[in-house]
Amino acid sequence: MPIIAIAKLFAKPGQRDDIIECLKPEAEYVKNEELTTSAYYFFKPEEEEDTLLGIEIYESKENLETVHMQSTPFKTFADSATAAFDKPFNLEFFEPADVGFLTRPGFSTLQAPDVFLLQVYFVVKPGTREKVLGYMNEIAKDVWEKEDGCFSYYYAKSIDDPDKFMIFERYVDRPALEVTHRAGAKFLEMFKRLDTEDLVVSRFIYNCYESGVGFLARD
């Protein structure tokens, strides 16, 4: 089963860019040589200037542990970036929710300065995750058909928490999210249902920008 690892890297104050530079050659190696890793993409939270987030998709957890983390380029990255880390990185594991799309064709490595991203975490009431994802699927289908300025709209389910899921969203710029997406009729309809049925326990959002590192597909 594919496994999705959401990475969180913690830099010492002012040293996030140093970690990014150390990560670039390793990410190129993953793209060119680690063909069982289907995505390896990093982005910068707006509110946490010393944090770097990543979405990594592997053929299996074994592939992550025995192939990716044992490779020479990964070990080189870990060694070269050690001085810039404030503490060890964290991985949170998810599985595909079969809702949405990871990237539109041709936009897997856009790396443009205005591209705006969201990493959103939902916790819903016990036993309602599949129902909520059904509502979210209606939004995702609408986004694919109508919002060309949305390059990614991808859902994944927490492996450890049956009431948690996340959304990875990527837009051509911030207005594509705030003006276009959030005004969509299907978005408003489904979120009104969530509110009316009182299904959401909590929601946390990272506002992010691209880091210049990684890929979401090999196109």
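The values are calculated or read from the model by the stated rules, or taken from the named source; none is laboratory data. Please read all numbers here as calculations on a predicted model, not as lab measurements. Every residue, glycine as well, gets a Cβ built from its backbone with ideal geometry; the counts of neighbours run over all protein chains shown. The area values use the complete protein model at the heavy-atom level, side chains included, leaving out ligands, DNA and RNA. Shrake-Rupley method; radii C 1.70, N 1.55, O 1.52, S 1.80 Å.
A few notes on this one:
- Most mobile of ASP198, ASP98, ASP50 in a GNM of the chain (Cα contacts under 10 Å): ASP198
- The heavy atoms of LYS87 present about 100 square angstrom of accessible area, all protein chains included, probe 1.4 Å.
- Apportionment of accessible area to carbon and sulfur, segment 64-219, percent (1.4 Å): 53
- With Cα atoms, 0 to 90° folded angle of helix 72-81 axis to the chain main axis: 90
- Helix 16-33 vs. the chain, principal-axis angle (Cα, 0 to 90°, nearest 10): 90
- Measuring gaps between exposed loop sites in the chain (GluC sites (Glu not before Pro); DSSP loop; at most 14 other Cβ atoms within 10 Å), the longest gap, sites not included, is 50-219.
- On Cα atoms only, tilt of 185-197 relative to the major axis of the chain in degrees: 80
- Over 19 Å between alpha carbons, listed pairs LYS131/LYS186; LYS61/LYS141; LYS125/LYS164; LYS12/LYS44: LYS61/LYS141
- Computed with a 1.4 Å probe over protein heavy atoms only, the accessible surface of the chain comes to 47 Å² per residue.
- Here the relative contact order of the chain, from alpha carbon pairs under 8 Å that lie six or more residues apart, stands at 30 percent.
- With each label modelled as a point 7 angstrom along the Cα→C-beta vector, the ALA83-GLU21 pair spans 1.1 nm.
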